[in-house]
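Colleague: There's a structure below that I have some questions on.
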Amino acid sequence: MAAAFLPPVIISAIWAFIGIVCPFFAKGPNRGIIQCCLMLTAACCWLFWLCCYMTQMNPLIGPNLSRNSILIIAKEWGNAIKEG
């Protein structure tokens, strides 16, 4: 159970650090723009990662193989299926 819980927490913590903590260290005449860029980058990258991660957890589309394809693959892999 911890294996499925750990990656989202770790990645969320990394992007939270970049989006919340790092903007406080921005310096220079364009401080506001740098802060905004850091926060937007963190939010967009985290959201993109989350969408990709969740899509891989439970894919909606699986392979659609014809019967002949399945028989050929099984034969090539050494698990010949007897037709009958």
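Values quoted throughout were computed directly from the atomic coordinates according to the rules given, and no laboratory measurement underlies them. Here the structure is a predicted model, which is why all the values come from computation and not from measurement. Please note: Cβ atoms are built from the backbone with ideal geometry, for glycine as well, and neighbour counts cover all protein chains shown.
Colleague: Expressed as a fraction of 2.2 N^0.38 Å, the rule-of-thumb size for a compact globular protein of N residues, what is the C-alpha radius of gyration of the chain?
Modeller: 1.96
Colleague: At a threshold of 8 angstrom on Cα-Cα distance, excluding pairs fewer than six apart, so keeping six or more, what relative contact order does the chain reach in percent?
Modeller: Averaging sequence separation for qualifying contacts and normalising by length gives 23 percent for the chain.
Colleague: Spin-label point model (7 Å from Cα, Cβ direction): what's the CYS36 to ASN79 distance in nm?
Modeller: Modelled inter-label distance: 5.6 nm.
Colleague: Additional query: Please work out the FRET efficiency for the pair VAL21 and TYR53, using the Cβ-Cβ distance as r and a Förster radius of 22 Å; give the result to the nearest 0.05.
Modeller: The pair VAL21/TYR53 has a calculated efficiency of 0.45.
Colleague: Enumerate the calculated ³J(HN,Hα) couplings along region 49-58 in order (Karplus 6.51 cos²θ - 1.76 cosθ + 1.60, θ = phi - 60°), each rounded to whole Hz, writing x wherever the residue is Gly or Pro.
Modeller: These are the phi-based 3J(HN,Hα) values: 4, 4, 4, 5, 5, 5, 5, 6, 5, 9 Hz.
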